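The values are calculated or read from the model by the stated rules, or taken from the named source; none is laboratory data. No experiment lies behind these values; they were computed from the predicted model shown. Here the Cβ positions follow ideal geometry from the backbone for every residue, glycine too, while neighbour counts run over all protein chains shown.
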Amino acid sequence: MPAESVAPPAVSQDDAGGRTARRVVAVLALVAILPALYLRNLRHDYFDQKIYMSAMDWWAAGHPLYDYVQPDRVQGELYFTYPPLAALLLAPFSYLRLGVAIATFAVLTAVAVVVTTRWLVLPVLRRHDLPRGFGLTVAVLLVLAVESTRETLTLGQINMLLVVLVLADLLFAVPQGRRWAGVGVGLAAALKLFPGIFVLYLLATRRWRAAAVATATAAAATLLAAAVVPGDSWRFWTHELWTTDRVGRTDYTGNQSLFGLLSRLSASAEPDRLPWLLLVLVVAGFGLWRAARAARAGDALVGLTLTGLVGGLVSPITWIHHLYWFVPAVVVLVDAALDADPATPAGARRRGGLLALAAGVGLPIVYGLVTFQDWGTAIVHTDDPVDFVVRNLYVLLSLLLLAVLPIRRGRDDASENSD
């Protein structure tokens, strides 16, 4: 009996119009969520930028720059705390109307978000053959939604501009062996102390030339500022740099560093410095060791991400707007998850675990730690376990990522970005 001919099942392919419609809906949904997230942050009213501008006016009137002080309901008193080079670059903004200066900072930050997100995400989209325009749009909107970005924009901070310098250096110039490799890190460190951790990263990865260039750049920029404003420079580097109480209260929940965690444990007394220093040495040593391993494996993104997380942990004060480094960590987790083969049990487990971890990091950094909470001004001792976890969430996430962030072998994001 002849075998019956069976017609192949009809294959239903999604039409291009349907895909486009769903993508537009997804983008519009993200755009609709952003105002709800930013509405609460607008209470900051560009507070930090107003301090910058007021300090510049005070300075221009002939007063010592580091005598400027502004009352604050949470911190008590706030001062101008940046190095003199940053003051020289901020000084021209004092000639602008405040609204124009705020708009300029906001536009520069938005451009920095687009540029850096493209650097991080485009190689992932290319490797996994994902739609680039849609993927980049969604990624930019998600980065804009992250609490550190919201705090940067609504406080009027300069952090994203420093991130551009660091990423340009460590994702492109250093891996490609450019002669100017290290300049970006050096300039960033001269403008704000936090990026100095990346000089240690260059040393840990034995990029001796880049480390020397970074150090020389930071020193030259600092000496240039000293030549222009010698008195303020001497005062900053010999005195103001070491007075951490000028930056704010270390026990405040917005301080997501190891010292902040210990301050909340020991409140209302200040924590003992020796245990903190020992903890810093252990965390910095482990984190930079993993960062060096990543660099040797060709994964520059993981190396610099781990270093950024180390910097946030070991700094005495790390505000929310300093914690950009969760963004590249989530990108790495998603990329590593997409690399796992779901056809095998081990691959399926790995993909599920990494995506769960990406969501476990991504959701808290979008909802935020301080945006929708009013922690008040009282000193609170975190003796309750739940309160301890909630008030130190970013510290705990940073420690977790230091230990488990996967190292991707042989990734060359620099060349993929330049295609």
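Just give me the residues in segment 377-392 being surrounded by 11 or more Cβ atoms within 10 Å (Cβ to Cβ) and either assigned to a loop (DSSP other than H, G, I, E, B) or modelled with pLDDT under 90 (or both), in sequence order.
If the condition is that a residue be surrounded by 11 or more Cβ atoms within 10 Å (Cβ to Cβ) and either assigned to a loop (DSSP other than H, G, I, E, B) or modelled with pLDDT under 90 (or both), then THR377, ILE379, VAL380, HIS381, THR382, ASP384, ASN392 are the ones that fit.
Considering each of GLY360, GLY347 in turn, give the residue that is surrounded by fewer than 23 Cβ atoms within 10 Å (Cβ to Cβ), in contact with an Asp or Glu (Cβ under 6 Å, 6 or more places away or on another chain), assigned to a helix (DSSP H, G or I) and not aliphatic (A, V, I, L, M).
Residue meeting the stated conditions: GLY347.
Would you check if there is a residue in segment 390-405 being closer than 26 Å to TRP242 by Cα, under 20 Å from the mean Cα position of the chain (by Cα) and polar (S, T, N, Q)?
Checked segment 390-405: at least one residue is closer than 26 Å to TRP242 by Cα, under 20 Å from the mean Cα position of the chain (by Cα) and polar (S, T, N, Q).
Out of segment 255-283, which residues are touching a residue at least 24 places away in the same chain (Cβ under 8 Å) and buried (at least 20 other Cβ atoms within 10 Å of the Cβ)?
The answer is ASN255, GLN256, SER257, LEU258, PHE259, GLY260, LEU261, ARG264.
Condition first: over 22 Å from LEU167 (Cβ atoms), touching a Phe, Trp or Tyr at 6+ places or on another chain (Cβ under 7 Å), outside any loop (DSSP other than H, G, I, E, B) and of a type outside the set (A, V, I, L, M). Can you find one or more residues in segment 277-300 that meet it?
Within segment 277-300 (the criterion being over 22 Å from LEU167 (Cβ atoms), touching a Phe, Trp or Tyr at 6+ places or on another chain (Cβ under 7 Å), outside any loop (DSSP other than H, G, I, E, B) and of a type outside the set (A, V, I, L, M)), the answer is no, since none of the residues qualifies.
Quick one: in segment 32-54, which of the residues that are over 17 Å from ILE320 (Cα atoms) and touching a residue at least 60 places away in the same chain (Cβ under 8 Å) is surrounded by the most Cβ atoms within 10 Å (Cβ to Cβ)?
This residue is TYR52.
Which residue pairs have Cβ atoms closer than 9 Å, lie 6 or more positions apart in sequence or on different chains, and pair a first residue in segment 92-118 that is farther than 24 Å from VAL140 by Cα with a second residue that is of a type in the set (D, E, K, R)?
SER94/ASP57; LEU98/LYS50
Which of (1) in a helix (DSSP H, G or I); (2) without any contact (Cβ under 8 Å) to a residue 40 or more places away in the chain does HIS63 not meet, given it meets every other one?
Of everything listed in (1) in a helix (DSSP H, G or I); (2) without any contact (Cβ under 8 Å) to a residue 40 or more places away in the chain, HIS63 misses just condition (1).
Identify, by number, the condition in (1) in a helix (DSSP H, G or I); (2) in contact with a Leu (Cβ under 8 Å, 6 or more places away or on another chain); (3) surrounded by 15 or more Cβ atoms within 10 Å (Cβ to Cβ); (4) of a type in the set (Ser, Thr, Tyr) that THR104 doesn't meet.
(3)
Report every pair of residues separated by at least 6 positions or lying on different chains whose Cβ atoms are under 6 Å apart, first residue within segment 122-149 and in a helix (DSSP H, G or I), second aromatic (Phe, Trp, Tyr).
If the second residue must be aromatic (Phe, Trp, Tyr), the pairs left are SER148/TYR324.
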